[in-house]
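Heads up: the structure comes next, in structure tokens.
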Amino acid sequence: MRLYPAIDIKNGQCVRLRQGQFQNIEVYSNNPAQIAAEWERLGASYIHLVDLDGALVGHGVNDEVIKEIAHTVKVPIQVGGGIRSIQDIEHKLGLGVSRVIIGTKAVESPQFVREIISVFGADQIVIGIDAKSGMVAIEGWEKVSNYNAVSLALEMKEMGVKNIVYTDIAKDGMLQGPNVEHTKAMVDATGLNIIASGGVSCMKDLEELSLINVSGAIIGKALYEKRIELDQAVELFEKKSLDK
């Protein structure tokens, strides 16, 4: 199970939201690149970035910060937030990121996903499925669609998608544990590489996720509040699983 330390960027700062609410924000650092370098030093093999401003307005806002992070660390980066076109994807990859996360656009236009998989390949595309009570949320989590999360994932699989970030919004930033039941349903129903996101608060949460065969777990607030030490978590859940 790969661990992805999360860096959420708003107004150029490293922040965390509670339940995806933009009015409910904590600033952790004015230097996201410095944070990324620290996660790399502690053993991160991949870093997860979100342009929160971009997710809300529908186009990239914090590209300079993303570029700086990509040039600061040697490990690969995945980034989401406001990526809605082939040009957006090309631009983000040009900043030095390894793969992009498509959320809202995948719900609005599944055929777009088929197109970008054919252009960029499945390895550079991740679909972000963010759910409230099993239903997919879009536009920076401001709206809930009529899509069932598992149904959307299965549709994405038909389009050639391999990787999905599955976020339970009710759990995100709350440190109440991930939604293991819904995440397991996603893993079992799709057979895709599911990266669990939202609610990870302690090593026990990571242990529960590792038991349901997710391919990865995103950790945010628990790292910033020192409830999880990244180097210890990497040793336990990433290196040991690779050694098997």
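The values are calculated or read from the model by the stated rules, or taken from the named source; none is laboratory data. Just so you know, these numbers come straight off a predicted model, no measurement behind them. Ideal geometry is used to build each Cβ from the backbone, glycine not excepted, and the neighbour counts take in all protein chains shown. Please note that ligands, DNA and RNA were not included when accessible areas were found on the heavy atoms of the full protein model with its side chains. Shrake-Rupley method; radii C 1.70, N 1.55, O 1.52, S 1.80 Å.
Odds and ends about this structure:
- Leu211 surrounded by 19 or more Cβ atoms within 10 Å (Cβ to Cβ) and not charged (D, E, K, R): no
- On the stretch given as segment 118-142, residues that are assigned to a strand (DSSP E or B) and either modelled with pLDDT of 80 or more or of a type in the set (Ser, Thr, Tyr) (or both) total 11.
- Filter result for Asp168 (buried (at least 17 other Cβ atoms within 10 Å of the Cβ), touching a Gly at 6+ places or on another chain (Cβ under 7 Å) and among the charged types (D, E, K, R)): yes
- Checking Ile69 against (1) over 21 Å from Ile169 (Cβ atoms); (2) open to solvent by 10 Å² or more (accessible area, probe 1.4 Å), the condition it does not meet: (2)
- Every listed requirement among (1) among the aliphatic types (A, V, I, L, M); (2) modelled with pLDDT of 95 or more; (3) on the phi > 0 side of the Ramachandran plot is met by Leu175 save one, (2).
- Residues located in segment 37-65, provided they are out of contact with any helix residue (DSSP H, G or I) (no Cβ under 9 Å at 6 or more places or on another chain) and surrounded by 19 or more Cβ atoms within 10 Å (Cβ to Cβ): Tyr46, His48, Val50, Leu52, Asp53
- Here is the figure for segment 198-233: residues that are over 23 Å from Lys162 (Cβ atoms) and touching a strand residue (DSSP E or B) at 6+ places or on another chain (Cβ under 7 Å) total 8.
- Verdict on Val50 being in contact with a strand residue (DSSP E or B) (Cβ under 9 Å, 6 or more places away or on another chain) and either in a loop (DSSP other than H, G, I, E, B) or touching a residue at least 40 places away in the same chain (Cβ under 8 Å) (or both): yes
- Answer residue from segment 185-197, given it is in contact with a strand residue (DSSP E or B) (Cβ under 9 Å, 6 or more places away or on another chain) and either in contact (Cβ under 8 Å) with a residue 60 or more places away in the chain or open to solvent by 40 Å² or more (accessible area, probe 1.4 Å) (or both) and is nearest to Ala153 (Cα to Cα) among those: Asn193
- Whichever residue in segment 98-117 is touching a helix residue (DSSP H, G or I) at 6+ places or on another chain (Cβ under 6 Å) and not in a helix (DSSP H, G or I) and, among such residues, is most open to solvent (accessible area, probe 1.4 Å): Arg99
- Residue match in segment 26-35 (condition: among the charged types (D, E, K, R), part of a loop (DSSP other than H, G, I, E, B) and open to solvent by 20 Å² or more (accessible area, probe 1.4 Å)): no
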